[in-house]
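Single-structure report; data block below.
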Amino acid sequence: MPGRIQSIERAAAILRLLSGRSRRLGVAELAGELRLPKGTVYGILRTLQAVGFVEQDRDSGKYQLGPALLHMGSSYLDGNELRTRALNWADGLATRSGESVRIGTLHENQVLIVHHVFRPDDTHQALEVGSLLPVHATALGKALLAHHDYLVAELAPGSLPSYTPATVTDVYRFRSELEAIAQRGWAVEVGELFHGSASIAAPIEDRRRVTVGAMSIAGPIERLCDGRQPRAEFVDYVMEASRAVSRELGAIPW
Amino acid sequence: MGPGRLNWRYVASIDQGTASSRCFVFDDRARIVSVAQHEHRQHFPRPGWVEHDPEEIWRNVELVVRVALDKADLSPTDLCALGIANQRETTVLWDRRTGAPVHNAINWQDTRTDRLCREITREHGQEMFREKTGLPVSTYFSGPKIRWLLDHIPGLQERAEAGEVLFGTIDSWLIWNLTGGPGGGRHVTDVTNASRTLLMNLQALDWDPALLDAIGVPAAMLPEIRSSSEPYGEAGPPIAGVPVASALGDQHAALVGQTCFNPGDAKCTFGTGSFFVLNTGERPVTSSNGLLSTLAYKLGSAEPVYALEGSIAVTGALVQWFRDNLGLIGSAPEIETLALTVEDNGGCYFVPAFSGLFAPHWRSDARGVIAGLTGYINKGHLARAVLEATAWQTREVMEAMNTDYGRSLSALRVDGGMTPNNLLMQFLADVLDVPVMRPIVAETVSLGAAYTAGLAVGFWQGTDGLRKNWHRAAEWLPSMDTGARERGYRKWKKAVARTVDWVDDDE
Ligand SMILES: Nc1ncnc2c1ncn2[C@@H]1O[C@H](COP(=O)(O)OP(=O)(O)O)[C@@H](O)[C@H]1O
Ligand SMILES: [Mg+2]
């Protein structure tokens with residue numbers, strides 16, 4: 001086994017420091033922490049910047065983790081934090097649509113449900129927080145994947161199991177669907193996970209415009225759709241609510 | 001009827017809390033149309049002292065109202081009324097002529113009146129206070145805080161007697177400023193806020209001369225006591241012309257927001273502290289288990305409705321302390337992530353008696369302990385212990401509630417800033433051994449203030465219609481086995497026993 005490469009170890013140490021509590025550091029601070037010459041640290045930072053792993057803050061000149069890296073990290077925003085910040089808007093979406101609401105994040109190529117609001121009809125429903133759903137058979141999963149190109153590129157033929165006859169199992173068809181979703185900003189799934197039920201989802205972005213989660217409504221096809229098409233007003237509700245959470249996270253100014 | 005009447009689409013409310021001020025705008029189906037929030041500074045000048053700057057709070061309230069309207073592109077003419085819910089007991093004294101506070105507000109958590117309370121108790125006993133106000137003498141309530149300010153600011157006593165200095169809880173401070181301040185501001189409070197001063201007679205709903213005398217508070221500085229739901233006056237900027245039409249302590253507002261309008265209905269709000277409130281109907285119930293007998297609300301000229309309350313001083317505040325003073329987490333929600341790095345509390349129990357113990361113990365000589373520490377305990381276990389402290393304290397209060405009311409609650413309605421914490425809500429269901437339910441508007445404090453303001457001006461017709469807006473948004477079912485629950489509770493009680501008798505008489 002060849003020896004370890006020192007400059008990669010140093011780059012890793014820099015990234016680790018930038019992912020720490022302060023999240024934004026200057027060359028001198030990093031050099032001090034790592035006991036390295038400033039020139040060395042600067043060289044590594046420039047390389048990391050070129051590949052998008054770090055970026056320089058325009059105002060302060062300090063460095064922070066870059067968008068490429070944030071896309072790769074599956075849980076940049078703590079799921080518990082996302083639930084807390086999204087609570088009011090998720091409740092509002094359930095009230096407006098009359099359907100149950102879920103918020104999901106990507107977790108090892110599955111959708112992790114981090115928040116669940118019951119359908120507001122006071123019938124018995126069980127809380128699904130913590131459960132995992134397949135990415136390719138849920139609107140949540142599609143909305144999340146549409147904004148994570150590198151994950152889509154990794155999908156292998158035959159890797160998409162079928163749950164109903166409507167499940168999209170063909171990787172090429174799935175990729176082109178994701179492209180359309182990325183374009184229009186919302187995703188739909190009609191009877192692809194369970195017979196007779198549908199879901200509509202839109203991505204949630206943080207202040208760096210990184211997709212940190214997605215929010216959905218789910219219910220019977222006949223309530224959510226006209227034929228196989230999602231009803232326009234439901235798409236609007238979902239888009240508005242997810243945009244409100246994105247605003248809450250600083251993605252869009254009010 | 002004002003000319004704006006046809007435009008009435010919305011009602012606004014302010015939730016002036018311990019941690020932050022918020023403004024919400026609701027439509028007639030209780031849906032949130034807009035929200036703005038701003039935190040204010042917590043001042044800790046000495047151990048046990050907690051202060052807020054009343055001017056900062058007023059500025060923040062003006063700000064959040066303006067921002068909430070801007071965000072939804074609304075103007076004051078879109079609003080039928082403004083309601084106010086506020087952190088209770090926190091005491092402001094200000095100059096009637098200039099509007100300037102004479103001192104920082106003394107916060108409800110502040111324990112500086114500890115010795116004063118012991119003196120008052122020595123001289124007058126607890127009985128008179130229990131009987132007339134439903135409260136024990138405690139640092140928690142406003143009366144002693146007023147007395148402390150009068151004793152410590154030179155010349156204040158004379159100015160107060162001359163009516164030059166006014167007292168108010170935060171509701172009064174905000175209404176006075178909203179309705180004109182030094183230029184004719186209304187000096188009023190509502191029955192729920194007044195019921196937390198140790199100065200109001202719970203039956204007469206008026207200031208009681210014997211109580212004023214015992215604590216030494218001049219009547220000239222006190223606001224007029226009104227119902228919780230009636231127009232008190234018209235607001236000036238930033239919402240010129242909108243009637244200020246409700247005021248309630250935040251916990252009472254949450255009871256209304258949860259539509260607990262029937263005797264036997266109860267809720268617990270989990271914020272800085274936690275407050276378990278049970279509607280007891282048109283008569284106060286005396287507690288023999290350390291609960292407070294207090295007002296639920298009074299809607300205009302209708303009969304007053306009373307409540308039993310279990311007040312817990314420190315719950316969310318412990319999470320905040322964990323974040324700010326230990327720095328082990330970057331935000332409050334991260335405590336759940338940290339707690340989930342371990343399976344259980346590792347034998348560690350945290351009793352956050354930072355301001356002594358409130359219900360059901362009422363021990364001002366208690367201070368916090370972390371019990372069961374071993375070399376095995378890491379920060380994940382501490383995070384668990386922090387969250388579990390909230391649940392165990394709630395269990396103590398619920399047991400007192402069941403005994404005093406003579407009926408066991410079969411489920412608990414919850415709300416407040418800690419309810420998004422899933423781990424905590426599950427643990428709560430586990431140790432209470434009843435289902436825990438969150439309503440679809442978690443912001444029940446704001447909603448309750450909006451309901452009462454909307455009722456006062458006819459935006460809503462009555463409480464029955466409001467019940468239709470309550471829906472279950474989440475439910476946690478008990479899943480802990482009895483043995484584990486009882487062992488945990490036994491340890492908790494042992495830890496509590498280790499907090500008392502810590503503060504000495506000569507401190
Ligand atoms: N996800 C969470 N888990 C635990 N505690 C939380 C969480 N989010 C907020 N908190 C706590 O909730 C409190 C704020 O709740 P809030 O109802 O706004 O309080 P208040 O009305 O007293 O100002 C803070 O003390 C904070 O530590
Ligand atoms: Mg509050």
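The values are calculated or read from the model by the stated rules, or taken from the named source; none is laboratory data. Predicted, not measured: the structure shown is a model, and the values here were computed from it. Every residue, glycine among them, receives a Cβ derived from its backbone with ideal geometry; neighbour counts consider all protein chains shown.
Just checking, which of B:TYR489, B:TYR451 is touching a Lys or Arg at 6+ places or on another chain (Cβ under 7 Å) and assigned to a helix (DSSP H, G or I)?
On the way: B:TYR451 fails: touching a Lys or Arg at 6+ places or on another chain (Cβ under 7 Å).
It is B:TYR489.
Quick check on my filter: what residues within the stretch B:288-315 are among the hydroxyl-bearing types (Ser, Thr, Tyr), surrounded by 23 or more Cβ atoms within 10 Å (Cβ to Cβ) and either more than 16 Å from ligand 2 (Cβ to nearest atom) or within 26 Å of B:VAL457 (Cα to Cα) (or both)?
Step one: of the stretch B:288-315, the residues among the hydroxyl-bearing types (Ser, Thr, Tyr) are B:288, B:293-294, B:297, B:301, B:306, B:311, B:315.
From the residues that got through so far, the ones that are surrounded by 23 or more Cβ atoms within 10 Å (Cβ to Cβ) too are B:294, B:297, B:306, B:311, B:315.
Selection gives B:THR294, B:TYR297, B:TYR306.
Quick check on this structure: which one of B:LEU93, B:LEU82, B:LEU74 is touching a strand residue (DSSP E or B) at 6+ places or on another chain (Cβ under 7 Å), assigned to a loop (DSSP other than H, G, I, E, B) and either more than 30 Å from B:GLY462 (Cβ to Cβ) or more than 16 Å from ligand 2 (Cβ to nearest atom) (or both)?
Checking each option against the conditions leaves just B:LEU74.
Of the residues that sit in the stretch B:252-273 and are more than 10 Å from B:VAL445 (Cβ to Cβ) and among the hydrophobic types (A, V, I, L, M, F, W, C), which one is nearest to ligand 1 (Cβ to nearest atom)?
Residue satisfying both the conditions and the ranking: B:PHE270.
Please find, within the stretch B:260-286, the residue that is nearest to the other protein chains (Cβ to nearest Cβ) out of those that are away from ligand 2 (no atom under 16 Å from the Cβ) and buried (at least 24 other Cβ atoms within 10 Å of the Cβ). If you could, list the steps in order and put the result at the bottom.
Our first condition is that a residue be away from ligand 2 (no atom under 16 Å from the Cβ); within the stretch B:260-286, this holds for B:260-266, B:278-286.
Still in the list and also buried (at least 24 other Cβ atoms within 10 Å of the Cβ): B:260, B:278.
Values: B:CYS260: 16, B:LEU278: 22 Å.
Once the filter is applied, the top-ranked residue is B:CYS260.
So which of B:ASN421, B:ASN402, B:ASN378 is within 13 Å of another protein chain (Cβ to nearest Cβ) and not hydrophobic (A, V, I, L, M, F, W, C)? Give the derivation first.
Values: B:ASN402 fails: within 13 Å of another protein chain (Cβ to nearest Cβ); B:ASN378 fails: within 13 Å of another protein chain (Cβ to nearest Cβ).
After applying the criteria, what remains is B:ASN421.
Within the stretch B:390-410, is there a residue that is crowded, with 24+ Cβ neighbours inside 10 Å, more than 20 Å from the chain's Cα centre (by Cα) and not in a helix (DSSP H, G or I)?
No, that holds for no residue.
Looking at B:LEU373, B:LEU328, can you tell me which residue is aliphatic (A, V, I, L, M), over 28 Å from B:TYR140 (Cβ atoms), modelled with pLDDT under 95 and more than 16 Å from ligand 2 (Cβ to nearest atom)? Quick ask: steps written out before the conclusion?
Numbers: B:LEU373 fails: modelled with pLDDT under 95.
Result of the check over B:LEU373, B:LEU328: B:LEU328.
Could you look through the stretch B:414-439, keep only residues that are without any contact (Cβ under 8 Å) to a residue 60 or more places away in the chain, of a type in the set (D, E, K, R) and at negative phi, and pick out the one that is farthest from ligand 1 (Cβ to nearest atom)? Walk me through how you get there before you give the answer.
Start the filter on the stretch B:414-439 by keeping residues that are without any contact (Cβ under 8 Å) to a residue 60 or more places away in the chain, which leaves B:425-438.
Restricting the remaining residues to those that are of a type in the set (D, E, K, R) gives B:430, B:433, B:438.
This time we only want the ones that are at negative phi, so: B:430, B:438.
Working: B:ASP430: 17, B:ARG438: 13 Å.
Across the stretch B:414-439, the extreme among qualifying residues is B:ASP430.
Among the numbered conditions (1) away from chain B (no Cβ under 14 Å); (2) surrounded by fewer than 15 Cβ atoms within 10 Å (Cβ to Cβ), tell me where A:HIS147 comes up short.
Going through the list (1) away from chain B (no Cβ under 14 Å); (2) surrounded by fewer than 15 Cβ atoms within 10 Å (Cβ to Cβ), A:HIS147 breaks only (2).
Which of the following residues is within 13 Å of chain B (Cβ to nearest Cβ), without any contact (Cβ under 8 Å) to a residue 60 or more places away in the chain and acidic (Asp, Glu): A:GLU108, A:GLU128? Spell out the reasoning first.
Working: A:GLU108 fails: within 13 Å of chain B (Cβ to nearest Cβ).
From the options A:GLU108, A:GLU128, the qualifying one is A:GLU128.
Which of the residues spanning the stretch A:205-237 are in contact with a helix residue (DSSP H, G or I) (Cβ under 8 Å, 6 or more places away or on another chain) and in a helix (DSSP H, G or I)?
Passing the criteria: A:LEU224, A:PHE234, A:TYR237.
May I ask you to list the residues in the stretch B:14-25 that are within 16 Å of ligand 2 (Cβ to nearest atom) and either part of a loop (DSSP other than H, G, I, E, B) or within 14 Å of chain A (Cβ to nearest Cβ) (or both)?
Selection gives B:ASP15, B:GLY17, B:THR18, B:ALA19, B:SER20, B:ARG22, B:CYS23, B:PHE24.
Suppose we filter B:VAL35, B:VAL50 for residues that are within 16 Å of ligand 2 (Cβ to nearest atom), more than 20 Å from B:TYR232 (Cβ to Cβ) and touching a His at 6+ places or on another chain (Cβ under 8 Å); which single one remains? Don't jump to the end; show me each part of the working.
Values: B:VAL35 fails: touching a His at 6+ places or on another chain (Cβ under 8 Å).
The match here is B:VAL50.
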